[in-house]
Amino acid sequence: MLICSSLDEVKRRESALKFIASLVKEKGRTSLYDLSGLAGGFPIGKSELALLETYAGPAFFYESLQKEGIKHLGGEKVLAFNRTSAAILATILALVKPGDEVIHYLPELPSHPSIPRSVKLQDASYREFDSINDFELSEKTSLVVITGSTMDHKIIPLTDFEKIIKISHDQQVKVMVDDASGARLRTVVYNQPKALDMDADLVVTSTDKLMDGPRAGLMAGKAQLIDIIQDKAHQFGLEAQPPIIAGMVMALQAFNPERILDSLARRDKLYQVLKKVVKGTEKTPTGVMISPDTLLKEVTDSKDDMRISEREIGTLMSIILLKEHHILTIPAVGMPGVSSTIRLDLASHDAENLDDTQICQAITDSLKRLKKIIHNEELCLSVLYEP
Ligand SMILES: *Cc1c(COP(=O)(O)O)cnc(C)c1O
């Protein structure tokens, strides 16, 4: 066994971060290619920095945030949170009473844990559906949550979206849309309307998903509803602070849907070439992915009696990509329990600094290396845990 517990995953993550730190220290930030799609960023300049030190700053950024936030999400008023999870928690605390029920519809399970966890904290009951035919409210339902695009970037069909909003509103139940990545994927790639334009009551998005901003949550809706949630957010310290708001504003101003659209054409090309190297390569909305199952098929043959888990093989591949090709994917650096799929996001900022041949070569070489070390436990352990 190579990875036995979440403690091992903490060790794995620390060793990967250590490697990144020394790489960046020695060779500069441009030597790293972050294709995770979660690079985030903090695009503020000298003039914004100066504003952070004055009392005028918060007022200034607040006004810009309203303007840029409403442009991005629609609605009357926006509110900035530390995380998307924080916005979800504040909303559930504000709109759901103990004993009520929250219903969650998403295009494909599993749900983001922040939704069921927040409901539990409020002592309400929770049901989730990923099939529209099963979706139904009960008398106790006081909030419906729709996930527009899942953590794995599976998108809700427009007809399901419309149906759920209608069913909920017919029974006077409010709808919050978790559009963490969906506020861009749904609208830019799938041409769907903004959640609020489809009559949802609230929407929240993450400013570091398909956008170069800080990891933070931006919520929008009707002013009266936002005010109630804002009150709750302040009570529990969930609201974003001025420096984060400054980063959010700059990221919203700089947001360019063209980069997402450009990644589509490139994705199709890369997919064609990579499929010749790895048969099981799959497309994602803005890139390609290789599942741990595909990795297993690539590096072992049926005669092998391989005792390696999906997590172990995905993590090993991700770390080899990082250490030998300086390509960053999520399994190497994600929190314990993170997905083990190798996802290359071409809408990432750093994708511009690598061409498709380099990516293909890195995948080919890493697979070769993986095949070589896979039967040697000691070597695998040193790849996983030594910086
Ligand atoms: C990323 C994500 C979240 C949580 O975002 P955080 O900033 O990590 O709190 C919630 N829901 C979905 C669907 C997500 O993809």
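The values are calculated or read from the model by the stated rules, or taken from the named source; none is laboratory data. Please read these numbers as outputs of a predicted model, since none were measured by experiment. Virtual Cβ from ideal backbone geometry, glycine too; neighbours counted across all protein chains shown. Only protein heavy atoms, including side chains, enter the accessible area calculation; ligands, DNA and RNA are left aside. Shrake-Rupley method; radii C 1.70, N 1.55, O 1.52, S 1.80 Å.
Tell me, please, whether a residue that is open to solvent by less than 30 Å² (accessible area, probe 1.4 Å) and at pLDDT below 95 can be found in the stretch 133-146. Checked the stretch 133-146: at least one residue is open to solvent by less than 30 Å² (accessible area, probe 1.4 Å) and at pLDDT below 95. Output yes when any residue across the stretch 219-240 is within 22 Å of Asp152 (Cβ to Cβ), of a type outside the set (Gly, Ala, Ser) and open to solvent by less than 20 Å² (accessible area, probe 1.4 Å), and no when none is. The answer is no, given that none of the residues of the stretch 219-240 is within 22 Å of Asp152 (Cβ to Cβ), of a type outside the set (Gly, Ala, Ser) and open to solvent by less than 20 Å² (accessible area, probe 1.4 Å). For the stretch 128-144, state whether one or more residues are assigned to a helix (DSSP H, G or I), within 15 Å of the ligand (Cβ to nearest atom) and over 19 Å from the mean Cα position of the chain (by Cα). The answer is no, given that none of the residues of the stretch 128-144 is assigned to a helix (DSSP H, G or I), within 15 Å of the ligand (Cβ to nearest atom) and over 19 Å from the mean Cα position of the chain (by Cα). Residues that are within 16 Å of the ligand (Cβ to nearest atom) and open to solvent by 60 Å² or more (accessible area, probe 1.4 Å): does the stretch 98-108 have at least one? For the stretch 98-108, residues within 16 Å of the ligand (Cβ to nearest atom) and open to solvent by 60 Å² or more (accessible area, probe 1.4 Å): present.
Pick from the stretch 112-127 the residues that are touching a residue at least 12 places away in the same chain (Cβ under 8 Å) and assigned to a loop (DSSP other than H, G, I, E, B): which of them is nearest to the ligand (Cβ to nearest atom)? Looking at the filtered set, the residue picked out is His112. Condition first: buried (at least 18 other Cβ atoms within 10 Å of the Cβ) and of a type in the set (S, T, N, Q). Can you find one or more residues in the stretch 308-320 that meet it? Among the residues of the stretch 308-320, at least one is buried (at least 18 other Cβ atoms within 10 Å of the Cβ) and of a type in the set (S, T, N, Q), which makes the answer yes.
Got at least one residue in the stretch 204-220 being more than 18 Å from the chain's Cα centre (by Cα) and within 23 Å of Glu128 (Cα to Cα)? No, the stretch 204-220 has no match at all.
Apart from one condition, Lys71 fits all of (1) without any contact (Cβ under 8 Å) to a residue 60 or more places away in the chain; (2) open to solvent by 60 Å² or more (accessible area, probe 1.4 Å); the exception is (1). Checking each residue of the stretch 39-62 against the condition of being surrounded by 21 or more Cβ atoms within 10 Å (Cβ to Cβ) and more than 16 Å from the ligand (Cβ to nearest atom) gives at least one match.
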